[in-house]
2 protein chains.
Amino acid sequence: MEGSIRCSANYVPLTPITFLERAATVYQKTPSVIFGDVSYTWPQTRQRCIKLASAISQLGVSPTDVVAVLAPNVPALYELHFAVPMSGAVLCTLNTRHDSAMVSLLLKHSKTKLLFVDYQLLDIAKGALQILSKTTSSKLPLLVVILECGHPSSPHTHNAEETLIYEDLVAKGDAEFEVIRPKDEWDPISLNYTSGTTSNPKGVIYSHRGAYLNALATVLLNEMMSMPVYLWCVPMFHCNGWCLPWGIAAQGGTNVCQRNVTAKGIFDNIFRHKVTHMGGAPTILNMIINSPPDVRKPLPRKVTVMTGAAPPPPDVIFRMEELGFDVTHSYGLTETYGPGSICTWKPEWNNLSKDVQAKLKARQGVPHVGMEELDVKDPKTMKSVPADAKTMGEVMFRGNTVMNGYLKDLKATQDAFKGGWLRTGDLGVKHPDGYIELKDRSKDIIISGGENISTIEVEGVIFSHPAVLEAAVVGRPDDYWGETPCAFVKLKEGCNATSEEIIQFCKNRLPRFMAPRTVVFGDLPKTSTGKVQKFVLREKAKALGSLAKNISRL
Amino acid sequence: MEGSIRCSANYVPLTPITFLERAATVYQKTPSVIFGDVSYTWPQTRQRCIKLASAISQLGVSPTDVVAVLAPNVPALYELHFAVPMSGAVLCTLNTRHDSAMVSLLLKHSKTKLLFVDYQLLDIAKGALQILSKTTSSKLPLLVVILECGHPSSPHTHNAEETLIYEDLVAKGDAEFEVIRPKDEWDPISLNYTSGTTSNPKGVIYSHRGAYLNALATVLLNEMMSMPVYLWCVPMFHCNGWCLPWGIAAQGGTNVCQRNVTAKGIFDNIFRHKVTHMGGAPTILNMIINSPPDVRKPLPRKVTVMTGAAPPPPDVIFRMEELGFDVTHSYGLTETYGPGSICTWKPEWNNLSKDVQAKLKARQGVPHVGMEELDVKDPKTMKSVPADAKTMGEVMFRGNTVMNGYLKDLKATQDAFKGGWLRTGDLGVKHPDGYIELKDRSKDIIISGGENISTIEVEGVIFSHPAVLEAAVVGRPDDYWGETPCAFVKLKEGCNATSEEIIQFCKNRLPRFMAPRTVVFGDLPKTSTGKVQKFVLREKAKALGSLAKNISRL
């Protein structure tokens, strides 16, 4: 329209860096980060991040270079979520369960210039650099060691000659460093490698725009007022902690960091710091509900828990709420900056039985306020499935909080966006009220005698057995049926159950063809984000051979 | 970064239209709009807006054409905040206190194609068209009459031959109309004419991007969880109701509409609909605290009240809180989509005396989460003033929630953005904690004997006098001092006070040179948004002549 001018007065590329600048002005005395007895305020965190950004620049890191971190949820990892973008570089958070070989692969793929590593993971990092030195002629990334926060002379000390120390960088950085802002909000802010349950990890690119918008959306879907107290259980290396390192700054909240996640640590921190919000995969919820009574503490107030990464079994939700937690279920992928949908609670559900409520909460729900659309579609025709709670299709997202693409893998990006939507590879149905419910990963679904079996549904039933701690179901190849359901079950300590009991329990609650034919007891293999590695279980199930062989021989 | 693709899967122009689409899916049974006994749900509101958008298109309105509305806070005005943008057009909300001459001027300036008018304001609109027919050869805007909501055969009926009826448009619109989304988020969504206390009104252009971001920011600064119940006292024609028509949809809240704002209506609606949030200029707060006891009702829960448009006198805030309201003070201009800053409450202020608390709350504070920067600067050098609570400078904003510009007035846009910041024309100081406090409009400040006198400070003191209902201070020309403070005061019903008492009251509480020399009793002239029209008072003060004439003759 005539009379408009776009200039610095009215147009600023969206970036979460803004949140930190603002928090330092607005929330001057609010604790920003707490870790054991160490506590910072927002102006201190801002100052530390500016100095760190300056130090990163001084080390020769240029805008759009990648800076990687290998660390658990310690304060340094929080600070790097701001300091790295403030230096113009791209933050790559690495999974702390990776071995040296995988770390070296990712450093090479991302051309990392600088690697921050927690002192406990130093051997992994050194091993990775050693491997890297043999496979590349490029300059190796510089190493910066993060010592124990608040203990400058950590016992696990280093050779000062060969490595840089995190706190030295903070100390020497220029407090007057001019923060580098993105020129375009579409510029990358971070790189998140997918957990890679099957193939080689892919580097998911997040933009400043997406991070800003998802941070605000996540604040809203967590029902966070200003100054929340957030307990970090979700690893920040996973989807940048669902964008909450940025979101907590937007609301001037307090980040309670923990090196390790234990039930005792969770209850102690909630009690001590009056935690208002936390998040975690169902594994964390499981840890809480199965914790011994002596580590439990009464909650000073209701704690809102966002769960995700895997659909929470209704029984887990139900028991969390008995303990005073308010569980909200969110769903998303690394490709959607973490949460993309939420099972928004409806007031009309308040009067339903607790059991039905827990089942409703396990749905993946509706897109959050930052996501444009969520749909279940036929992946070939791209037509929406009818909202009949029965017809399965592929779950797809579309919106500003979907990744820019996969680093150096245009083909994979094109495949993921085919038809103008992000294809999740998850199968689901749409309920008449528009809420979606996941039935399975495309590759996890069991097809037995032509019938689709949702492994999530079978797992949900097994979970409700009182002796069961964890359960996962995969297809076992079968000469007659194609596949039959095979359950892997971990029992609670001191509890007993036989295969026959579990199978009968399922037959009483499910169509008979959905009940597992086989039950294997033992630990479940998992990724660092708490997802069961079903490809490992499928290998195991395959090794069991076909049940039908005997039948067909009859 | 290599591997990125920008496409419909991951890039969607930001627009508040998204909020309505989502609310209709997520909040299916939540009341969207309530007006007396009429109530709609979110899916109904969406359906009505789509049909209305279709009808607007069918009437020949093209994208970027202007559609104007002249109506109080009735449901139609709410719906038009979505329906007009959904037709691709630009919404222009007109002040209901304008006369036909002003309306005709604005219709002409904006080249309005379609004018919606509430039946009670039909004469104004017809008068405006009549004037317009004499001054332009272009086609006159079509008129659509909004009858009383829920009363299709309103007594104030119309000549069906000559005008269109709002509900007919809704009824006849195409339910399958494909909503028009902005191609670029920078595209205009609305046009807001400034209230024009001094010069000709200017048409402030809002973008889809700014409206989206300010709506989310406003939700956050109002501390709104999902499904708030919002009572409409702020006119939606003023800065698009501070962007809350869009914000309430984002949170799936309920809009309680009222045709007129009265203390009785406010208390009745709060009680009946369990209102959680409302907003209003200090005039509205005044109306509440001075309401007769028989219209008051106990609040079912704490009601958060956002006040703005003029700095609230501490005493008003104090007495609102005694009644159970929680007052938050926000500051902004039409040019900043309404609220641009907020006086964020600090936990450390909780232990101060109520009196000091109220004074702190009257500060304009810090930028909200959608605004990039707020500063007090020397308007010539553009240097920030020291944060000493004393040095005055011009208040300036910078960020995505600053207007695109003034329609067809590039010169005015350039002046407003000179130096890359929005110049507000307000004078203020910065406190050591970074919070800003308004001292005056540049043109309102009194300069007496070389000393700056903040009229806001003097008004605050007069307000705290128990007999005073309203007060405004302007400069009275003076041959000796340049100017002296002249107070215009309206007393509460049944209360008495003399000029001498008011002057002495001020001398006891302020530096003597700041106390008014003159006090005039009577009603105060106001704009429709509750701002006192100081230019009218200045004329009156001028007419009084100089006090010093007599002195200089001695």
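No lab work stands behind these numbers, since they all come straight from the coordinates. What you are looking at is a predicted structure, and each value in this text was computed from that prediction instead of being measured. Neighbour counts run over all protein chains shown; Cβ positions are idealised from the backbone, glycine included.
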Cross-link partners of B:Lys346 among aspartates and glutamates (Cα-Cα below 12 Å; sequence separation of 8 or more within a chain): B:Asp433
Exceeding the 25 Å Cα-Cα cut-off - candidates B:Lys380/B:Lys443; B:Lys359/B:Lys380; A:Lys134/A:Lys408; B:Lys108/B:Lys534: B:Lys359/B:Lys380; B:Lys108/B:Lys534
Between B:Glu493 and B:Asp123, what FRET efficiency follows from the Cβ-Cβ distance if R0 is 25 Å, with the result rounded to 0.05? 0.20
Measuring from its Cα centre, chain A shows a charge dipole (+1 at each Lys and Arg Cβ, -1 at each Asp and Glu Cβ) which, in debye to the nearest 20, is 680 debye
Rounded to two decimals, the Debye log10 I(q)/I(0) of region B:261-443 (Cα scatterers, no solvent) at q = 0.09, 0.15 Å⁻¹ is -0.37, -0.90
Sorted from fewest to most neighbouring beta carbons within 10 Å, what does the list B:Ser442, A:Ser54 look like? B:Ser442, A:Ser54
Place +1 on the Cβ of every Lys and Arg and -1 on the Cβ of every Asp and Glu in region A:261-443, take the dipole about the Cα centre, and give the residue among A:Met392, A:Thr304, A:Trp349 whose Cα lies farthest towards its positive end. A:Thr304
For the axis carrying chain B to chain A: nearest C-beta residue of B, whole Å: B:Leu216, 3
Within straight-line cross-link reach of A:Lys411, aspartates and glutamates at Cα separation under 17 Å, skipping those fewer than 8 residues along the same chain: A:Glu335, B:Glu2
Taking the Cα-to-Cβ direction at B:Val536 and at A:Gln504 and moving 7 Å from each Cα, how far apart do the two end points lie in nm? 8.8 nm
Between B:Ser39 and B:Glu178, what FRET efficiency comes out of the Förster formula 1/(1 + (r/R0)^6) with R0 = 30 Å and r the beta carbon distance, rounded to 0.05? 0.60
Bin all alpha-carbon pair distances of region B:444-549 at 10 Å intervals from 0 and give each bin's fraction as a whole percent. 16, 51, 30, 3
If the label for A:Lys134 sits 7 angstrom from Cα along the Cα-to-Cβ line, what are its distances to the same label in every other copy, in nm to one decimal, shortest first? 9.5
In debye to the nearest 20, how big a dipole does the protein assembly as shown give about its Cα centre with +1 on each Lys and Arg Cβ and -1 on each Asp and Glu Cβ? 220 debye
What does the net charge come to around B:Pro379 if you take all other residues with beta carbon closer than 15 Å to its beta carbon, with K and R at +1 and D and E at -1? +4
Sketch the reach of a paramagnetic label on A:Lys390 as a point 7 Å from Cα along Cα-to-Cβ, and name the residues of region A:413-447 whose backbone nitrogen lies under 15 Å away. A:429-432
Let me know the mean shielding of B:19-30 by other chains, meaning the per-residue number of their Cβ atoms within 10 Å of its Cβ. 4
Between A:Val520 and A:Lys354, what is 0.36 nm times their sequence separation minus the Cα-Cα distance? Round to one decimal in nm. 56.7 nm
Potential lengthening between B:Lys302 and B:Leu410 on full extension [0.36 nm per residue; Cα-Cα distance subtracted]: 34.3 nm
Cβ-based exposure ranking for B:Phe513, A:Phe463, A:Phe116, in which fewest neighbours within 10 Å come first: B:Phe513, A:Phe463, A:Phe116
Within 10 Å of each Cβ in B:217-227, how many Cβ atoms from other chains are there, averaged over the peptide? 3
Region B:14-219, dipole about Cα centre (Lys/Arg Cβ +1, Asp/Glu Cβ -1), debye to the nearest 20: 500 debye
Taking other Cβ within 10 Å of each residue's Cβ, how do B:Ser384, B:Ser62, A:Ser4, A:Ser330 sort, fewest first? B:Ser62, B:Ser384, A:Ser4, A:Ser330
Provide an ascending nm list, one decimal, of label-point separations from A:Lys383 to the equivalent residue in each further copy; define each label point as 7 Å from Cα along Cα→Cβ. 7.1
Cα centroids of region A:203-240 and region A:369-425: how far apart, whole angstrom? 21 Å
Could you grab the Rg to Rh ratio for region A:472-528? Cα atoms only, Kirkwood for Rh. 1.00
Give me the Debye-computed log₁₀ of I(q)/I(0) at q = 0.07, 0.09, 0.10 Å⁻¹ for the protein assembly as shown, equal point scatterers on Cα only, no solvent, two decimals. -0.70, -1.10, -1.32
Mean other chain Cβ within 10 Å across B:397-403 is 5
Suppose R0 equals 25 Å. What FRET efficiency, 1/(1 + (r/R0)^6) with r the Cβ-Cβ distance, do A:Thr262 and A:Asp99 give to the nearest 0.05? 0.60
At 7 angstrom along the Cα-to-beta-carbon line, where would the label on A:Asn290 sit relative to the other copies? Give the distances in nm, shortest first. 6.7
Within region A:379-398, name every residue whose backbone N is under 15 Å away from a label modeled 7 Å from Cα of A:Ile447 along the Cβ vector. A:379-380, A:392-394
Given the DSSP H assignment, sum -39500 (n - 2.57) over each helix run of at least 4 residues in chain A and divide by its residue total; what's the result at 222 nm in deg cm²/dmol, nearest 500? -9000 deg cm²/dmol
Which of A:Pro292, A:Val275, A:Leu422, positive extreme of dipole for chain A (C-beta unit charges): A:Leu422
Specify whether the C-alpha gyration tensor of region A:163-244 places it in the rounded, prolate or oblate class, a ≥ b ≥ c being the square roots of the eigenvalues: rounded for a/c under 1.5, otherwise prolate if a/b is larger than b/c and oblate if not. rounded
What is the Cα convex hull volume of chain B when expressed per residue in Å³? 183 Å³
